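Structure first, commentary second.
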Ligand SMILES: [Fe+2]
C-alpha cells in the first residue's frame, strides 16, 4: 500500500461529511465509467462518513477481523473491516486489484513487502491470476511500514505494490475499523505462510451483508 493525502487539490482532506447512502451512490456512479486509481482516490480523500452510518455495518469476532459488505456490483465493492486488538492478516496479495483504504476508528499498521525469492518462479507468470505454484522456499523483504489513524490518509494497493499485511497491534490497546474499496471485487487471494514456507489460495467471504 502507499498512502497519500489530497496533495495538489484545494479540497480539505476528508473535509466534507456525507451520508453513507450518498457515498455509495457516488461510488456506484463512478463504477459505471473508467475506474482509475486517481478517480476513486479523489472521492475517498474528499468525504467523511458519520460514525453512526457505519455503525450498523460493524460486526466483531474475537478470533479474526470481520469483512462487512456495504455495496458491490461487478466492478467495485465497498466494505467495512473490524479489527479486534491483536488481529493480524497473513501476508497476502490482491490479484492485480486496485484497492483504497481509510481507517475510521483506532489505529492500524500496514506493512508492505516485496518477494525477494521463491523457488517456483517460472509459475508466477500466469495470465490473470496470482501464482499458487507450490513454492517451498519464499523470502519476503519488508519495504515499508505505515501507521494509519482515523481519517488521516488514504492507503492504496495497485498492480505494482500488492503484497502486504495489516495489523492492529495489541499495544494500540483497542479495536480499529477501516473502510475499503476494491476494484474489481475478488473472492479469493493468495496468502503466504512464512513459517511453513507455503503459499495458498484462500477464499474470501463476508461476515455480514447489507
Ligand atoms: Fe490486503
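General remarks:
- Stokes-Einstein diffusion for the stretch 21-123 at 10 °C, viscosity 1.306 mPa s, with a Kirkwood radius from C-alpha pairs, works out to 99 µm²/s.
- Computed on the stretch 2-203, with alpha-carbon pairs under 8 angstrom and 6+ residues apart, the relative contact order is 28 percent.
- Counting only DSSP beta bridges with both residues in the stretch 2-203, the antiparallel share comes to about 95 percent.
- Helical content alone sets the calculated 222 nm signal of the chain at -3500 deg cm²/dmol, taking -39,500 (n - 2.57) per DSSP H segment of four or more residues and averaging over every residue.
- Sorting 101, 194 by the number of Cβ atoms found within 10 Å of their own Cβ, with the fewest placed first, yields 194, 101.
- Overall size of the chain from C-alpha positions, given as principal axis extents largest first: 49, 40, 34 Å.
The numbers here are math on the coordinates, done by the rules we state, and not lab data. Quick caveat: nothing in here was measured; it's all calculated off a predicted structure. Cβ atoms come from the backbone with ideal geometry, glycine included; neighbour counts cover every protein chain shown.
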